[in-house]
Amino acid sequence: MATKWLLQLVQGTAAPTFAVDAFGKISGWNQAAEELFGVRLDEAIGQPCHEILKGTQEFGPFCSPHCSIVQALYENQAVPNFDLKLQTRTGKEWCNLTIAIVEAPESGEGHAVHVVRRLDPHMLVEQLARVMTAGQAVESEAAAKLVSTRLANLADMKLTTREREILRLLADGKRTPAIADQLYISPATVNNHVQHIMEKLDSHSRLEVVARAREAGII
């Protein structure tokens, strides 16, 4: 349910920002979100978040009625920032989402406040180029030394047993729901592990983290 405090919090943010309640419905929506998504405040409030965002990742849909963010809200778990391809006013765009779990003082209800940042297309092209050139010969001796050092550092990263399991499943093309089913854990837990893996391997997407893990011989 939208509250005065929550609406003021969201509307006081310059970046596109919206809030989602424990039922996965939009409970806050600011002017910048209206401009990004092409959806007015009165159209957004009370609507299922997944129907507006239609978020996807490399391996398929992310947003659904059984949202992992809502589960994290229910369990009062912190959510690392992550990238999603969202349905904006001008089409599908890659965006970074930072999520804060807040409690409305009037009602005591929890809400997941999402701050959205468009990703720079040039940065995405650079990431794709790094993935596409993974494993190719490096002609420059200095460059070869740099790559060797970077891969050695990646190989030394301390991934937990569970993180290595999930990384191997990602490499097999498994999506979050399938990984959750296979490992008997929640989708929110899978996504949290994936974010930790991406942070450890200095990656910005699941595609990139798999490529880097293969480069470093982790998988």
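The values are calculated or read from the model by the stated rules, or taken from the named source; none is laboratory data. Source: prediction; values computed, not measured. Heads up, the Cβs are rebuilt from the backbone with ideal geometry, glycines too, and the neighbour counts pull from every protein chain shown.
Determine, yes or no, whether LEU7 is touching a Ser or Thr at 6+ places or on another chain (Cβ under 9 Å), assigned to a helix (DSSP H, G or I) and in contact (Cβ under 8 Å) with a residue 60 or more places away in the chain.
It is false that LEU7 is touching a Ser or Thr at 6+ places or on another chain (Cβ under 9 Å), assigned to a helix (DSSP H, G or I) and in contact (Cβ under 8 Å) with a residue 60 or more places away in the chain.
Can you tell me which of (1) β-branched (Val, Ile, Thr); (2) modelled with pLDDT of 80 or more; (3) more than 29 Å from CYS63 (Cβ to Cβ) is the one ILE218 doesn't meet?
So ILE218 meets the others, but not (2).
Select from the stretch 11-32 the residues that are in contact (Cβ under 8 Å) with a residue 60 or more places away in the chain, crowded, with 19+ Cβ neighbours inside 10 Å and of a type in the set (Val, Ile, Thr) and list them in ascending order.
THR17, VAL20
Scan the stretch 186-210 for residues that are assigned to a loop (DSSP other than H, G, I, E, B) and crowded, with 16+ Cβ neighbours inside 10 Å and jot them down. Spell out how you get there, then give the answer.
Applying the first criterion (assigned to a loop (DSSP other than H, G, I, E, B)) to the stretch 186-210 yields 186, 201-205.
Across the stretch 186-210, the qualifying residues are SER186, LEU201, SER203, HIS204, SER205.
Within the stretch 190-211, how many residues are among the charged types (D, E, K, R) and within 11 Å of LEU167 (Cα to Cα)?
Residues flagged as among the charged types (D, E, K, R) and within 11 Å of LEU167 (Cα to Cα) within the stretch 190-211 amount to 1.
Out of all the residues in the stretch 170-179, which are among the aliphatic types (A, V, I, L, M) and surrounded by 19 or more Cβ atoms within 10 Å (Cβ to Cβ)?
LEU170, ILE179
Yes/no matrix, rows are residues, columns are (1) over 20 Å from ASN96 (Cα atoms); (2) at pLDDT below 95:
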site: GLY12; (1), (2): no, yes
site: ALA15; (1), (2): no, yes
site: PHE18; (1), (2): no, no
site: VAL39; (1), (2): no, no
site: GLN47; (1), (2): yes, no
site: GLN57; (1), (2): no, yes
site: PRO61; (1), (2): no, yes
